[in-house]
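Working notes for the structure below.
The values are calculated or read from the model by the stated rules, or taken from the named source; none is laboratory data. Predicted model only: the values in this text are computed from it and were never measured. Quick reminder, even Gly has a Cβ in these numbers, built from the backbone with ideal geometry, and neighbours come from all protein chains shown. Each accessible area value is taken on the protein alone, full model and side chains, heavy atoms only, with ligands, DNA and RNA left out. Shrake-Rupley method; radii C 1.70, N 1.55, O 1.52, S 1.80 Å.
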Amino acid sequence: MKCQISRDELLRALQRLQGVVERKSTMPILAHILIEAVRDEIVLFATDLDIAIRTHLPAEVETPGGISVSAKKLYEIVRELSDTPVLLEARDAHRLQIRAGSATFSLVGLPKEDFPSLPSTPDEWMLTLSRAVLADMVRKTLFSVAENDPRQVLNGVLVHASPVADTTAVSLFLVGTDGHRLAESSHACESGGQPLNGEHKIVVPRKAMAEIRKILDDGPEEVTLGFSRNHLSFRQDGTTLTARLIEGVYPHYQQVIPASTSVSIYCDRALLQAAMRRVSILAREKTNAVRMSLGPAGVTLSTDNPDLGEAEESLPIPPPSQEVIIGFNARYILDILAAIDQDTVRLSFIDALSPCLITPSGVPGYQCVVMPMRV
């Protein structure tokens, strides 16, 4: 293999692959990436056996071929090179020579035949949507996904697609929950082929969604999601990410979202965010518990910690119609407020023991639920 490629394009591609590369595996080759030169491009491939990313880059290929080398070391080398074309050449004994300007490196590699590959599964249905829309939906739900919950389905994002009658349009829902809070983002998009036949629900691992979010930072305006029984495929320009789905039945999350509430307050998002952050400074570290008191006197945030002291702050909000005293984990509220872009948020309550519904004021398509805690 011998080819020449732009240093900047190679660096961006290698950076994109770093999150998938498995560095602590008992299989050393999973810490490698596979480089293949074919025709007028090179293909970079990385996998941890659950997630795989393949990206195509234009290159001047003199001799086709392939080799697998350390993803981390190749990235570190290319990152430090000057902005000149990079020559990649696979030598005997599975070594990759890297030359740019006056610098030359030689990396010990492994045969490309040793590199694993995920099974190829055809997409059963597809969706096309705006890159910016998908990035926004992932950002607004990923924070609420559990990380190491024994209920495996909570460690992923629910992707729920529902067809719109008599059209090729699809209502797409992304949902994340860890059992203490829930975030749901929805948007209308187009089926990539035939009209969607019935509802479809899959659970995409948190790590896979996090990698998709990184890829969505730049690129063309339209992306494609493909779904099969066991895999999700994400395509953007010359990059394809494939991920194994989490098996299991996702909880009936709609039952957690209050259908009606008895009292609501409207608050400036930045004002509530700042006040919650200040009061939580003295909250107990394990629970981050902050009390929200709603009544004739207005709305007050407070916390008390026997080891540190007390904090209280009143919010300039019109008094609600009903008195409610409810406790929350302040971090959960702050995460939600950070995900909302609008200036005003609505907090809706039933009582101190029921979930709180938080939505951007006047903007449909996004809602969050936080479970209360005793304070």
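Assorted remarks:
- Whichever residue in the range 125-174 is of a type in the set (Gly, Ala, Ser) and either open to solvent by less than 20 Å² (accessible area, probe 1.4 Å) or in a strand (DSSP E or B) (or both) and, among such residues, is farthest from Arg331 (Cα to Cα): Ala169
- Residue match in the range 277-292 (condition: of a type in the set (Gly, Ala, Ser) and surrounded by fewer than 18 Cβ atoms within 10 Å (Cβ to Cβ)): no
- Scan of the range 247-276 for residues that are open to solvent by 30 Å² or more (accessible area, probe 1.4 Å) and under 30 Å from Ser233 (Cα atoms), ordered by number: Glu247, Gly248, Val249, Pro251, His252, Gln254, Gln255, Val256
- When each of Arg99, Arg95 is tested for being free of Cβ contacts under 8 Å to residues at least 40 places away in the same chain, open to solvent by 50 Å² or more (accessible area, probe 1.4 Å), more than 22 Å from Ala46 (Cβ to Cβ) and in contact with a strand residue (DSSP E or B) (Cβ under 6 Å, 6 or more places away or on another chain), the lone residue that passes is Arg99.
- Residue check for Ser191: of a type in the set (Gly, Ala, Ser) and under 25 Å from Thr359 (Cβ atoms): no
- Residues located in the range 40-92, provided they are in contact (Cβ under 8 Å) with a residue 40 or more places away in the chain, polar (S, T, N, Q), open to solvent by 20 Å² or more (accessible area, probe 1.4 Å) and closer than 21 Å to Glu113 by Cβ: Thr63
- Residues of the range 287-299 that turn out to be under 21 Å from Met371 (Cβ atoms) and either more than 28 Å from the chain's Cα centre (by Cα) or in a strand (DSSP E or B) (or both), as a count: 7
- Some residue of the range 324-333 being assigned to a loop (DSSP other than H, G, I, E, B), touching a residue at least 40 places away in the same chain (Cβ under 8 Å), open to solvent by 20 Å² or more (accessible area, probe 1.4 Å) and under 30 Å from Ala135 (Cβ atoms): no
- The residues of the range 362-375 that are assigned to a loop (DSSP other than H, G, I, E, B) and in contact with a Cys (Cβ under 9 Å, 6 or more places away or on another chain), listed by number, are Met371, Pro372.
- Restricting the range 342-353 to residues that are modelled with pLDDT of 95 or more and in a loop (DSSP other than H, G, I, E, B), the residue that is surrounded by the fewest Cβ atoms within 10 Å (Cβ to Cβ) is Asp343.
- The listed residues are Met1, Met27, and the only one of them that is over 23 Å from Ala243 (Cβ atoms) and either aliphatic (A, V, I, L, M) or under 25 Å from the mean Cα position of the chain (by Cα) (or both) turns out to be Met1.
- Filter result for Val20 (of a type in the set (Val, Ile, Thr), buried (at least 17 other Cβ atoms within 10 Å of the Cβ) and out of contact with any helix residue (DSSP H, G or I) (no Cβ under 8 Å at 6 or more places or on another chain)): no
- Residue, most open to solvent (accessible area, probe 1.4 Å), within the range 300-317, restricted to residues that are part of a loop (DSSP other than H, G, I, E, B) and either without any contact (Cβ under 8 Å) to a residue 24 or more places away in the chain or among the basic types (Lys, Arg) (or both): Asp307
- Here Ser82 does not qualify as closer than 14 Å to Leu110 by Cα and not β-branched (Val, Ile, Thr).
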